[in-house]
Amino acid sequence: QRPCLQYQIQRCSAPCTQYISQADYAKDVDNTRLFLNGKQSDILDNLVQKMEAASSQLDFEQASDYRDKIMSLRAVFDQQIIYQQKGNADVIAAA
């Protein structure tokens, strides 16, 4: 019926309550796939393009949201450590 606390603190787009369109949710899922496949540059390039488009349309609030996302993602990417290993292994750790 209504979104959880994660939505209130802007950690979730509340797909369970349909606060986000299916198309936008599909984009979020695609970005998650890119992230897990190690294609960080694709994600950042896409966000930079969106930020520049919003800025050129004088939508500075939206542009600043994209800027903040870019900075957050870069901080996460800088903390990543990649080990080469034979075979497939997906490991995610959070502290």
Flag if K69 is open to solvent by 80 Å² or more (accessible area, probe 1.4 Å), in contact with a helix residue (DSSP H, G or I) (Cβ under 8 Å, 6 or more places away or on another chain) and either assigned to a helix (DSSP H, G or I) or polar (S, T, N, Q) (or both): yes
What number of residues within segment 11-36 satisfy the criterion of being under 15 Å from L73 (Cα atoms) and open to solvent by 90 Å² or more (accessible area, probe 1.4 Å)? 3
Is it true that D42 is charged (D, E, K, R), open to solvent by less than 80 Å² (accessible area, probe 1.4 Å) and farther than 16 Å from I70 by Cα? no
Within segment 1-10, work out how many residues are open to solvent by 80 Å² or more (accessible area, probe 1.4 Å) and either more than 27 Å from D42 (Cβ to Cβ) or of a type in the set (A, V, I, L, M) (or both). 5
Exactly one of (1) within 13 Å of the chain's Cα centre (by Cα); (2) closer than 30 Å to V91 by Cβ is unmet by D65. Its number? (2)
Condition met for I20 (touching a helix residue (DSSP H, G or I) at 6+ places or on another chain (Cβ under 6 Å) and not charged (D, E, K, R)): no
Specify the residue that is nearest to D68 (Cα to Cα); the eligible residues are those in segment 1-39 that are assigned to a helix (DSSP H, G or I) and either touching a residue at least 40 places away in the same chain (Cβ under 8 Å) or among the basic types (K, R) (or both). K27
Quick check on K86: is it without any contact (Cβ under 8 Å) to a residue 60 or more places away in the chain, open to solvent by 100 Å² or more (accessible area, probe 1.4 Å) and over 12 Å from the mean Cα position of the chain (by Cα)? yes
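The values are calculated or read from the model by the stated rules, or taken from the named source; none is laboratory data. Just so you know, these numbers come straight off a predicted model, no measurement behind them. Every residue, glycine as well, gets a Cβ built from its backbone with ideal geometry; the counts of neighbours run over all protein chains shown. What goes into the accessible areas is simple: the full protein's heavy atoms, side chains included, and nothing from ligands, DNA or RNA. Shrake-Rupley method; radii C 1.70, N 1.55, O 1.52, S 1.80 Å.
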